[in-house]
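Just below is one structure, and these are the notes that go with it.
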Amino acid sequence: MAESRFVSDTARVPFVRAPRHDFPTDEVISASPRRRTLDRFWHNRSAVPGLALVILVVVIAMLAEVIAPHDPNQQFAGKRFAKPSAEFPLGTDALGRDMLSRLVYGARPSVGSAALATILIALIGVTLGSLAGYLGGWTDEVIMRVVEVLLALPSLLLALALVGVLGPSLENVILGAVLVWWAGYARLVRGLVLEVRERPFVQAAIGVGVQTPRIIFRHILPNILGPVIVLASLEMGTLILIIAGLNFLGLGVQPPTAEWGAMLNQGRPYFQLAPEQMLYPGLMITFTVLGFNLLGDGLRDVLDPRYTQ
């Protein structure tokens, strides 16, 4: 009787499924930080539009021969300030040259020179900043005193003076920008290196006698690349403006080379007659700088260390 009552009581108890524990595999665990970073990037409202604008400008520059309908320096007789048409989608300039072709080809020196300058600036700034932060002592003192002098002077005026001394050319514009703008990278990297150098894994590497170059390139630099990438993407837009400004003043590319800043200068005398001569290159500069600024803001949010833990 007792046994039957026990069976009847237990029969009324609903069946409860044991909790299932799905432990992620090693592959999922190792890939999850990367996946989370990519997921944050593709859902960021600034990064995706910025990346789209940057890719569009880069594709235009790379495929200029395919996209441009005419030679950018070809002059069409009797076609000065021609209105937009099937032959000339954006019209022509004061010399009868196709505006669309010149805008497309102008992306190469405008964006390419800024990209080259950014790469050189980052290499110099990261190298000197890493040496200053890791070695310290007189190395740190010398490098940081130079950095302080450069940061105390107006960057644009200093670059303008250097290009004026070296002579007008696109190469000298890039060189002037590199000699001035590396200081900001060095100061940022030095601060990051000072913080990473005190971490246990770096101290352990120092304790076992790992050589300095290996510690810097293997253990320190990979941990500071995020802020450097963000700074480079933001400074890219600034360098495009600076280089375009120097070209506008006639210190960069020389006629008849197509470049957005130079095109602004060439269209300036005809602003009242044909304002589109300055409007088109100005819009190209604006959208390109906007793209890099949006991309930089998005990368700053995505690569924020608070989200990678």
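The values are calculated or read from the model by the stated rules, or taken from the named source; none is laboratory data. These figures come from a predicted structure and were not determined experimentally. As a convention, Cβ positions derive from the backbone with ideal geometry for all residues, glycine included, and neighbour counts pool all protein chains shown.
The residues in segment 290-309 that are at pLDDT 90 or above, surrounded by fewer than 17 Cβ atoms within 10 Å (Cβ to Cβ) and either β-branched (Val, Ile, Thr) or in contact with a Pro (Cβ under 6 Å, 6 or more places away or on another chain) (or both) can be counted, and the count is 0.
Scanning segment 209-243 for residues that are part of a helix (DSSP H, G or I), among the hydrophobic types (A, V, I, L, M, F, W, C) and free of Cβ contacts under 8 Å to residues at least 40 places away in the same chain yields a total of 2.
Restricting to segment 151-176, name every residue that is part of a loop (DSSP other than H, G, I, E, B) and either over 18 Å from residue 124 (Cβ atoms) or touching a strand residue (DSSP E or B) at 6+ places or on another chain (Cβ under 9 Å) (or both).
Filtering segment 151-176 for residues part of a loop (DSSP other than H, G, I, E, B) gives 153-154, 167-169.
Passing the criteria: 154, 167, 168, 169.
Only one of the numbered conditions (1) part of a helix (DSSP H, G or I); (2) in contact with a Ser or Thr (Cβ under 8 Å, 6 or more places away or on another chain) is violated by residue 254, and that is (1). In the set (1) crowded, with 17+ Cβ neighbours inside 10 Å; (2) within 15 Å of the chain's Cα centre (by Cα); (3) among the aromatic types (Phe, Trp, Tyr), residue 287 fails one condition alone, (1). So which of 183, 161, 115, 152 ends up being aliphatic (A, V, I, L, M) and buried (at least 20 other Cβ atoms within 10 Å of the Cβ)? After ruling out the rest, the residue left standing is 183.
Residues being buried (at least 16 other Cβ atoms within 10 Å of the Cβ) and over 29 Å from residue 242 (Cβ atoms): count how many of those fall in segment 186-222. I'd like the intermediate steps shown before the answer.
Start the filter on segment 186-222 by keeping residues that are buried (at least 16 other Cβ atoms within 10 Å of the Cβ), which leaves 186-190, 192-193, 196-197, 202, 205, 215-216, 219-221.
Within this subset, residues satisfying the condition of being over 29 Å from residue 242 (Cβ atoms) are 196-197, 202, 205, 215-216, 219-220.
Residues flagged as buried (at least 16 other Cβ atoms within 10 Å of the Cβ) and over 29 Å from residue 242 (Cβ atoms) within segment 186-222 amount to 8.
Residue count for segment 258-276 satisfying the condition of being crowded, with 24+ Cβ neighbours inside 10 Å and either assigned to a helix (DSSP H, G or I) or without any contact (Cβ under 8 Å) to a residue 40 or more places away in the chain (or both): 4.
Among the residues of segment 131-177, those identified as closer than 22 Å to residue 106 by Cβ and touching a residue at least 24 places away in the same chain (Cβ under 8 Å) are 156, 159, 160, 163, 168, 169, 170, 172, 173, 174, 176, 177. Can you pull out every residue in segment 75-90 that is within 16 Å of residue 279 (Cβ to Cβ) and touching a Leu at 6+ places or on another chain (Cβ under 9 Å)? Across segment 75-90, the qualifying residues are 81, 84, 88, 89, 90.
For segment 183-190, check the following and say yes or no: at least one residue is among the aromatic types (Phe, Trp, Tyr), in a helix (DSSP H, G or I), at pLDDT 90 or above and farther than 18 Å from residue 123 by Cα. Within segment 183-190, none of the residues are among the aromatic types (Phe, Trp, Tyr), in a helix (DSSP H, G or I), at pLDDT 90 or above and farther than 18 Å from residue 123 by Cα.
A count restricted to segment 42-66 and to residues that are assigned to a helix (DSSP H, G or I) and closer than 17 Å to residue 110 by Cα stands at 12.
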